[in-house]
1. Hey, which of the helices (runs of 4 or more DSSP H) in the stretch 71-185, taking only ones fully inside, have at least 1 residues that are closer than 23 Å to residue 56 by Cα and not assigned by TED's automatic domain parsing to the domain that holds residue 36?
2. Take the stretch 26-82 and flag every residue that is exposed (fewer than 13 other Cβ atoms within 10 Å of the Cβ), touching a helix residue (DSSP H, G or I) at 6+ places or on another chain (Cβ under 9 Å) and within 29 Å of residue 143 (Cα to Cα).
3. Taking the conditions exactly as written (modelled with pLDDT of 95 or more and touching a helix residue (DSSP H, G or I) at 6+ places or on another chain (Cβ under 8 Å)), does residue 120 satisfy them or not?
4. Could you list all residues from the stretch 50-70 that are touching a residue at least 12 places away in the same chain (Cβ under 8 Å), in a helix (DSSP H, G or I) and either touching a strand residue (DSSP E or B) at 6+ places or on another chain (Cβ under 8 Å) or more than 22 Å from residue 28 (Cβ to Cβ) (or both)?
């Protein structure tokens, strides 16, 4: 790469709304909340970009659903922040869900990884895109992270999200058949390889 663009500086729009005056606990402009998005004040919740963490629209949508269900007494399951898919809309796209290799090593004391190059994927050849799919697996455990780089990989993150959130093992996913030619085959082949049954191996 010849040029690197670093986009930083986003923050919560919380100034001047009277939160601190009302007694709501804040930190660096963010409203502090528990895993059910409750603040320190009774019947006051915080959602979306006001809450520390990823500033993503779909995270905010899910926060709203959780709070609505909490108020309705439906006892919703708290949101696993790592299970929220992340997509960087650049060229090529970057999409991920779950833990990075470094995070997995810190959490589990180690990690198994496999990277499948899109050069072995027919649809990616048609699209003339390069990149890859990286799987991160806990030692003797399930897949805990998926990262993909390539054209349109944001469209693949839904399958990766299910795999992560259902704590699937490579052996669980490897037998599933993926349509040909599609980029989802890259995910399928990565899982085949991590399960010890590689189909195509390309550099």
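1. Values: elements: 101-108, 122-126, 157-165, 170-173.
It comes to 101-108, 157-165.
2. Within the stretch 26-82, 57, 61, 75, 77, 78, 80, 81 meet the criteria.
3. no
4. Residues of the stretch 50-70 that are touching a residue at least 12 places away in the same chain (Cβ under 8 Å), as a first pass: 50-56, 58-60, 62-64, 66-67, 70.
So of that shortlist, the ones also in a helix (DSSP H, G or I) come out as 50, 58-60, 62-64, 66-67, 70.
Correct list: 50, 58, 62, 64, 66, 67, 70.
The values are calculated or read from the model by the stated rules, or taken from the named source; none is laboratory data. From a predicted model like this one, the values you see are computed outputs, not experimental measurements. Counting neighbours? That spans all protein chains shown, and the Cβs are built from the backbone with ideal geometry, glycine included.
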